[in-house]
1. Six or more apart or on different chains, Cβ under 9 Å: which pairs go from a residue in the stretch 234-247 that's within 17 Å of Ser199 (Cβ to Cβ) to one that's assigned to a loop (DSSP other than H, G, I, E, B) and charged (D, E, K, R)? Could you list them?
2. Considering only the stretch 212-230, state which residues are touching a Phe, Trp or Tyr at 6+ places or on another chain (Cβ under 9 Å) and assigned to a helix (DSSP H, G or I).
3. Report yes if some residue within the stretch 255-262 is touching a strand residue (DSSP E or B) at 6+ places or on another chain (Cβ under 7 Å) and either charged (D, E, K, R) or in a strand (DSSP E or B) (or both); otherwise report no.
4. I'd like the full set of residues that are under 17 Å from Ser173 (Cβ atoms) and among the polar types (S, T, N, Q), limited to the stretch 75-127.
5. Evaluate the stretch 197-207: report whether one residue or more is over 16 Å from the mean Cα position of the chain (by Cα), surrounded by 21 or more Cβ atoms within 10 Å (Cβ to Cβ) and either at pLDDT 95 or above or assigned to a loop (DSSP other than H, G, I, E, B) (or both).
6. On the given criteria, is Gly122 surrounded by fewer than 24 Cβ atoms within 10 Å (Cβ to Cβ) and of a type outside the set (A, V, I, L, M)?
7. Given the structure, is Ala86 touching a His at 6+ places or on another chain (Cβ under 9 Å) and of a type in the set (Gly, Ala, Ser)?
Amino acid sequence: MRIRSLFLPLFLLILVGGAVLLGETLIASMIFRPVSGAEIQPERLGIEGEDVFLETQDGVRIHGFWLPVEKADKALLFLHGNGGNASFALPRASQFLRFGVSVLVLDYRGYGLSEGAPTEAGVYQDARAGLEYLVDVQGFPEDRIVVLGQSLGGAVAVDLAQEKPLGGLILESTFDSLSGVVRSRVPFVDLMLSGRFDSDRKILLLKSPVLFLHGDRDGTVPLEAGKRLFSLAPEPKEFLVIEGARHNDVAEVGGSLYYDRAGGFLEFLGTR
């Protein structure tokens, strides 16, 4: 009888643990869409760049592209969205070189040439490793580093910047919380995502200027989700709507407006 009484709680514990693990795996497959490899290289774009490999605090080896500008006094950490990899982001990230900033384009774990598998806690650690590389290896002070986060990368950027005196944040097509984005589309799934990528809580602690860029035709992260996050951000802040832009083409549709405003934001940081 004693053995039977112990078996039932143990069985239930294993059952619950298995359900939680299955749930985490399902959620990760919904959130992250990694593509391995590096289809685009800096030399293909006619720019100077090199592969760098960093080790995160939990021992994962991750990859990034380092695009240096001679005598640059600022650096940009580029955090892409939930799909693709760093090489897909290279063409757009390289456009920021014109503003005299060096750029690090990061592959999250499980993406591109990085090892491991992506998780929410893991991609936060990846961003910290990227920031540490810019500070410890390249010698940029934190207040001379700007972080650009696109879509899911915006949530990673907000996590990195909370309570840190970074030079600034550029948040493109990002959201207030993951559950808030899916609530109106997939009933009950938002309950599974509660508390995940919760930028609405973290942005209250921001100590950096922030520029929001969002397309008015974004069908993935509605404009309202970006505006909700903007309303919570401390000053100084600015929200720029790119008319006609969807989720992944904000820079392309915005064109000179997008880059002129981003360049002006970087110049403003140089006067602080």
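The values are calculated or read from the model by the stated rules, or taken from the named source; none is laboratory data. Predicted, not measured: the structure shown is a model, and the values here were computed from it. As a convention, Cβ positions derive from the backbone with ideal geometry for all residues, glycine included, and neighbour counts pool all protein chains shown.
1. Correct list of pairs: Pro234/Lys207; His247/Arg217; His247/Asp218.
2. Across the stretch 212-230, the qualifying residues are Ala225, Gly226, Lys227, Arg228, Leu229, Phe230.
3. For the stretch 255-262, residues touching a strand residue (DSSP E or B) at 6+ places or on another chain (Cβ under 7 Å) and either charged (D, E, K, R) or in a strand (DSSP E or B) (or both): present.
4. Asn82, Gln95
5. Within the stretch 197-207 (the criterion being over 16 Å from the mean Cα position of the chain (by Cα), surrounded by 21 or more Cβ atoms within 10 Å (Cβ to Cβ) and either at pLDDT 95 or above or assigned to a loop (DSSP other than H, G, I, E, B) (or both)), the answer is no, since none of the residues qualifies.
6. On the way: surrounded by fewer than 24 Cβ atoms within 10 Å (Cβ to Cβ): yes; of a type outside the set (A, V, I, L, M): yes.
Yes, satisfied.
7. Values: touching a His at 6+ places or on another chain (Cβ under 9 Å): yes; of a type in the set (Gly, Ala, Ser): yes.
Yes, satisfied.
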